[in-house]
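Okay, handing you the structure first.
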Amino acid sequence: MGKPIRIAAAQMCSGVSVAENLDTITRLSGEAAKAEASYLLTPEVSIAFARDRDELEKVAKPFEGNVAINHCAQLARRHGLFLHLGSIAIALGDGRFANRSILFDPNGQISAQYDKIHLFDADPPDDRPYRESDTYRGGEKAVVTNASGFKLGMSICYDVRFPNLFNTLAGAGAEVLAVPAAFTVPTGRAHWEVLLRARAIETGSYVIAAAQAGRHENGRATWGQSMIIDPWGQVLAVKQEDAPGIIFADFEAQKVTDARARLPALANSRPFSLSVNYSLPE
């Protein structure tokens, strides 16, 4: 059996200032390294949580030469850490943006990136309507990559509602599924934990979810409750309060192997055809 690997999820309350958010990530990265974590995940929109499209156009920069990305690369190298930037808005040059997740290796190199596939076009109760597709361009590629001694599957926030993506990631070898998020309060209260635990149970994987939390400078409120869940669906760590901070847990590869052997849902999955009968004989 291999040695357990310490993994960490950072909870934030990102504002509109890129510099202030980077200061928070700098502090949390140092705390993770001090606790001997080898992998740290930050939330969705870690770098800037813009008020509206006009503000997003001011703070979101192109991928090449991006100051925030370069800063995070330096943090990963300084701490010898797999630093997973949950997401950053990237200006694509055509008036639209990518919601992009970036993994830096301990040498400060970008080892993987993922653009959010499923865009949040929804009308949650007791909240305003959301239309991410008006601003963002959805990604088209699922991503599995090597992280700190495990295979990592990448996702962002609303993706968690699409189990086929997570089954695909696990089927391609992912042992840890990352869910950086900025869940609304109504949807978080109703669905956050149950969705995360379901994705862990269905795939026999660890799920690590780094969340935005609290009342933000842009007027939004997010649910928080960052979590790390094991392949049997047990919550190993949770950040109960809204304040920024870090939660930790140990990844053990044998737990993935055992869960997938005991309930081999991935192996037992079979293709099937669909027949919809609207006029069955009486």
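Determine which lysines satisfy two conditions relative to residue 58: a Cα distance under 29 Å, and not lying fewer than 8 residues away in the same chain.
116, 141
Now for a different question. Grab the Cα-Cα distance for residue 257 and residue 238, subtract it from 0.36 nm times how many residues apart they are, and report the gain in nm with one decimal.
Stretched out fully, the residue 257 to residue 238 stretch lengthens by 4.5 nm.
Could you give the length gained by full extension between residue 19 and residue 55, i.e. 0.36 nm per residue of separation minus their alpha carbon distance, to one decimal place?
The span from residue 19 to residue 55 would gain 11.5 nm if fully extended.
Give me D for the range 207-255 in µm² s⁻¹, whole number, from Stokes-Einstein with Rh from the Kirkwood sum over alpha-carbon pairs, 4 °C and 1.567 mPa s.
In µm²/s, the coefficient is 109.
Also, quick follow-up: What residue among 218, 273, 111 has its Cα farthest toward the positive end of the dipole of the chain, where the charges are +1 on Lys, Arg and -1 on Asp, Glu, each on the Cβ?
111
I'd like the Karplus ³J(HN,Hα) series for the range 98-110: coefficients 6.51, -1.76, 1.60, θ = phi - 60°, whole numbers in Hz, and an x wherever there's a Gly or Pro.
With coefficients 6.51, -1.76 and 1.60, one gets 10, 8, 10, 9, 10, 10, 9, 8, x, 8, x, 8, 6 Hz.
Could you tell me what a quarter of the Cα convex hull surface of the chain works out to, in nm² with one decimal place?
Here the figure is 17.0 nm², rounded to one decimal.
What residues have an amide H closer than 5 Å to that of residue 226, excluding those fewer than 5 places away on the same chain, when H is modeled at 1.01 Å from N in the peptide plane?
211, 239
Further question on the same structure: Going by average Cβ density within 10 Å per residue, which order do the peptides 235-245, 42-52, 168-178, 187-197 take, highest to lowest?
Descending packing order for the listed peptides: 42-52, 168-178, 187-197, 235-245.
Next question. Explain nothing, just the number: dipole magnitude of the range 20-157 about its Cα centre with +1 on each Lys and Arg Cβ and -1 on each Asp and Glu Cβ, in debye rounded to the nearest 20.
520
Under 5 Å between amide hydrogens, which residues at least 5 positions from residue 249 or on another chain qualify, with H placed 1.01 Å from N in the peptide plane?
Answer set, sorted by chain and number: 7.
Which value, in debye to the nearest 20, gives the size of the charge dipole of the chain about its Cα centre, when Lys and Arg are +1 and Asp and Glu are -1 at the Cβ?
580
Would you please give the residues with an amide H less than 5 Å from that of residue 155, counting only those at least 5 places away or on a separate chain, with H modeled from the backbone geometry?
Residues meeting the criterion, in which the H sits 1.01 Å from N, are 178.
Still on this structure: Enumerate the calculated ³J(HN,Hα) couplings along the range 9-21 in order (Karplus 6.51 cos²θ - 1.76 cosθ + 1.60, θ = phi - 60°), each rounded to whole Hz, writing x wherever the residue is Gly or Pro.
Once rounded to whole Hz, the list reads 10, 9, 9, 9, 10, 5, x, 8, 8, 4, 4, 5, 5.
Sorted by average packing, counted as other Cβ atoms within 10 angstrom per residue and highest first, what order do 133-145, 154-166, 260-272, 214-226 take?
Top of the packing list down: 154-166, 214-226, 133-145, 260-272.
Where a number appears in this text, it was derived from the coordinates with a stated rule and is not lab data. These numbers come from a predicted model, not from an experiment. Positions of Cβ are backbone-derived with ideal geometry, glycine not excepted, and every protein chain shown enters the neighbour counts.
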